[in-house]
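Report on the structure given below.
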Amino acid sequence: EEENNGEEAITTTSRPHNHHRRVRKRGTHNNNKIETLPKEVVDRIAAGEVIQRPVNVVKELVENSLDADSTHIEVQVTGGGLRLLSVTDDGIGIHPRDLALAATRFATSKLCSFDDLKSIRTFGFRGEALASASMVGRLSISSKQRNQNDMNGYSTSCAYKQSYRDS
């Protein structure tokens, strides 16, 4: 027996011993036709796989800090990580020109080719941690590079900030 109310279909299946199972289907599925998921859906699914709880975000960010040669890492958590989760370190920093890509899926400074995977010596390398964090919450990165001379017009005496929001 099937009831159809616009975009929502409810199916009731009769089972032995007078038990009923209700299965709720959301939206309309194209007659069981296999289709590729939209990028927005894929990104949100991937974010859920990487970041299941705030502690997963902390783990990923601390690993990023360690990969950046940090010797001091400070973690600040408010409301169990649901209101605020902040990781501050003294690592090498992200160059200002790279901040825009820092929260993009599969954007990484750790490898360039498949062969690089054979010699990877870092905790993280896929470029998913920051992208996933930006999918499940508001993300802001402030970064100052260690004292290095920059010929591209960026000051190494100040920090640069980039904010990301789910669109």
**Prompt:** Could you say whether any residue in the range 11-33 is at pLDDT below 90, exposed (fewer than 11 other Cβ atoms within 10 Å of the Cβ) and closer than 25 Å to Gln162 by Cβ?
**Reply:** no
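Every residue, every condition in (1) assigned to a loop (DSSP other than H, G, I, E, B); (2) under 28 Å from Val42 (Cβ atoms); (3) modelled with pLDDT of 85 or more; (4) aromatic (Phe, Trp, Tyr), yes or no:
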{"site": "Glu60", "(1), (2), (3), (4)": "no, yes, yes, no"}
{"site": "Glu63", "(1), (2), (3), (4)": "no, yes, yes, no"}
{"site": "Gly91", "(1), (2), (3), (4)": "yes, no, yes, no"}
{"site": "Arg97", "(1), (2), (3), (4)": "no, yes, yes, no"}
{"site": "Ala107", "(1), (2), (3), (4)": "yes, yes, no, no"}
{"site": "Leu117", "(1), (2), (3), (4)": "no, yes, no, no"}
{"site": "Arg126", "(1), (2), (3), (4)": "yes, yes, no, no"}
{"site": "Ser142", "(1), (2), (3), (4)": "no, no, yes, no"}
**Prompt:** Scanning the range 65-82 for residues that are open to solvent by 60 Å² or more (accessible area, probe 1.4 Å) and at pLDDT 90 or above, which turns out farthest from Ala159 (Cα to Cα)?
**Reply:** Val77
**Message:** I need a count of the residues in the range 83-104 that are out of contact with any helix residue (DSSP H, G or I) (no Cβ under 8 Å at 6 or more places or on another chain) and open to solvent by 40 Å² or more (accessible area, probe 1.4 Å).
**Reply:** 10
**Prompt:** Can you tell me which residue in the range 105-126 is surrounded by the fewest Cβ atoms within 10 Å (Cβ to Cβ), limited to those that are farther than 26 Å from Asn147 by Cα and under 19 Å from the mean Cα position of the chain (by Cα)?
**Reply:** Phe106
**Request:** Of the numbered conditions (1) surrounded by 15 or more Cβ atoms within 10 Å (Cβ to Cβ); (2) in contact with a helix residue (DSSP H, G or I) (Cβ under 8 Å, 6 or more places away or on another chain), Gly48 fails exactly one; give the number of that condition.
**Result:** (1)
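The values are calculated or read from the model by the stated rules, or taken from the named source; none is laboratory data. All of these numbers come straight from a predicted model, not from anything done at the bench. Here the Cβ is made from the backbone with ideal geometry for all residues, glycine too, and neighbour counts use every protein chain on show. Note: areas computed on protein heavy atoms with side chains; ligands, DNA, RNA excluded. Shrake-Rupley method; radii C 1.70, N 1.55, O 1.52, S 1.80 Å.
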